[in-house]
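Before any comments, here is the structure.
What follows is calculated from the coordinates using simple rules that are stated; it is not laboratory data. These numbers come from a predicted model, not from an experiment. Note that each Cβ is placed from the backbone with ideal geometry, even for glycine, and that neighbours are counted across all protein chains shown.
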Amino acid sequence: MGMIGGGQGAFIGGVHRMAAALDGQIELVCGAFSSNPEKSKASGEELFLPAERVYGSFAEMIKKEKNLPEGERMDFVSIVTPNHVHYAPAKMALENGFHVVCDKPLCFSMEEAHDLVRIVQETGQIFALTHNYTGYPMVKQARVMVKNGDLGTIRKVVVEYPQGWLSTKLEDSDQKQAAWRTDPKRSGKAGAMGDIGTHAENLAEYITGLNIKEICADLTAFVDGRLLDDDGNVLLRFENGAKGILHASQISAGEENNLNIRVYGTKGGLHWFQMEPNSLYVKWLDKPQQILRTGVGELYPESLAHARIPAGHPEGYLEAFANIYRNFAYCVQARLKGEAPDPLYQDFPTVEDGLRGMEFIEKVVASSESEEKWTKF
């Protein structure tokens, strides 16, 4: 793996490195960790990389790595930069024969999103987007339960992602994460909806297997002087006629990362909390509630394949993140060997999921600004 971004002072780069290393399938061999060459060099030293494999720019890294012998050069790049620096390195890596893992959202604009989908299709490279919450074993259990009809026909979906960390104008301090996430020049059209609302949208579509077809949105910037939304409420209409509610907020004071989802069908419903990820609550019309636990009992193979340790030992955010990297690694390894990957491990968000996320941002903003409200998705 080569990494673009994620240098000193970054949060998500360290998360990606830990997740990629967890299963021993991926080794970090090079990086362009900052747009500042000196900072990139210092970051590489901290990660014990040889100086000649630490680069001053992503363009330099991709060009020089391509010229290294097969088996020595990187096999893929991990892009962990702010949103406005996703497209260019992803495009260059794909066009030079490298697979890509990219943080979400996919990129900065719809034009860039459509172009990346085209490039992935034309090059045939493997592309993973780190909607990491899909990596939890009980999320995968929920997805298969819905797919197999255990809950009957889906009628209602309620998904929410409240945080409280931007309840004040934190971007006016030296807080790097707040600064770029609230800056339309770096984040894009949306604030909270682009940062965490896309996670909620992705989780709803991933578990239900249903696409959102229409939305009605109301976005607000509650903090005076903030340029992008910090709170949003969205009504959803799904392709099968199901209805839903999505809210994402970064001014819900006291909340941490309380992503959770409820899905209701004609036979029963389920409820999953990101802050208690090892439990899946299943409610039935005609029998008592069940609490399914990671690694316990007769779970579906798709769930069991993504649990690592004996039941009762918490598996959380990093492990879910690592499942995306592990599955991606298995698919790259199969490609290098000329083999077909195991379908159990082909389950990770793709560039098409990234396009859905970008469309969600575009339509949510349009709906919020519209007097007619309901907007086709």
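Taking other Cβ within 10 Å of each residue's Cβ, how do H313, H131 sort, fewest first?
With the fewest neighbours first, H313, H131 line up as H313, H131.
Assign unit charges at the C-beta atoms only (+1 for Lys and Arg, -1 for Asp and Glu), then state the dipole size of the stretch 2-129 relative to its Cα centre in Debye, rounded to the nearest 20.
Around 140 debye, computed over the stretch 2-129.
Is the stretch 94-246 best put as rounded, prolate or oblate by its Cα gyration tensor, with a ≥ b ≥ c the root eigenvalues, rounded for a/c under 1.5, and otherwise prolate when a/b is larger than b/c, oblate when not?
oblate
Give me D347, D229 sorted ascending by neighbouring Cβ count inside 10 Å, so fewest comes first.
Fewest-to-most ranking of D347, D229: D347, D229.
Evaluate the charge dipole of the stretch 217-355 about its Cα centre and quote only its size in Debye, nearest 20, assuming +1 on the Cβ of each Lys and Arg and -1 on the Cβ of each Asp and Glu.
Values: 12 positive and 19 negative charges, 100 e Å.
Dipole of the stretch 217-355, to the nearest 20 debye: 480 debye.
Rank G56, V77, T375 by how far each Cα sits towards the positive end of the charge dipole of the chain (+1 on Lys, Arg Cβ; -1 on Asp, Glu Cβ) and give me just the farthest.
Among G56, V77, T375, the one farthest towards the positive end of the dipole of the chain is T375.
Starting from the Cα gyration tensor of the chain, take the square roots of the eigenvalues, sort them a ≥ b ≥ c, and report rounded, prolate or oblate (rounded when a/c is under 1.5, otherwise prolate if a/b is larger than b/c, else oblate).
Note, shape of the chain comes out oblate.
Kindly provide the helix-only [θ] at 222 nm of the chain, computed as the sum of -39,500 (n - 2.57) over DSSP H runs of four or more divided by all residues, to the nearest 500 deg cm²/dmol?
Using -39500 (n - 2.57) per qualifying helix, the result is -10000 deg cm²/dmol.
Could you list W180, W284 so that the one with the fewest beta carbons within 10 Å of its beta carbon is first and the one with the most is last? Mind showing how you got there, number by number?
On the way: W180 17, W284 13.
Ascending Cβ contact count within 10 Å gives the list W284, W180.
Report the label-to-label distance for E352 and K147 in nanometres (one decimal), using points 7 Å from each Cα along the Cα→Cβ vector.
For the pair E352/K147, the computed spacing is 1.3 nm.
Say R0 is 51 Å: what FRET efficiency, to the nearest 0.05, do E214 and I291 get from their beta-carbon distance? Before the final figure, lay out each step's value.
Values: r = 34 Å, r/R0 = 0.67.
For R0 = 51 Å, the calculated efficiency reads 0.90.
Charges at C-beta only: +1 for Lys and Arg, -1 for Asp and Glu. How large is the resulting dipole of the chain about its Cα centre, in Debye rounded to 20? Show your work: numbers first, answer last.
Working: 39 positive and 51 negative charges, 139 e Å.
That gives a dipole near 660 debye.
Taking a ≥ b ≥ c as the square roots of the eigenvalues of the Cα gyration tensor of the stretch 264-367, is the shape rounded (a/c under 1.5), prolate (a/b larger than b/c) or oblate?
Here the stretch 264-367 falls in the oblate category.
If you take the charge dipole of the chain about its Cα centre, with +1 on Lys and Arg Cβ and -1 on Asp and Glu Cβ, which of P349, H199, G312 is farthest toward its positive end?
G312
Kindly rank 238-249, 115-126, 286-297 from highest to lowest mean number of other beta carbons found within 10 Å of each residue.
Numbers: 238-249: 19.7, 115-126: 17.0, 286-297: 13.3.
Highest-to-lowest ranking by the protection proxy: 238-249, 115-126, 286-297.
Please list, short to long, the whole-number percent of alpha-carbon pairs of the stretch 2-129 in consecutive 10 angstrom bins beginning at zero.
13, 48, 33, 5
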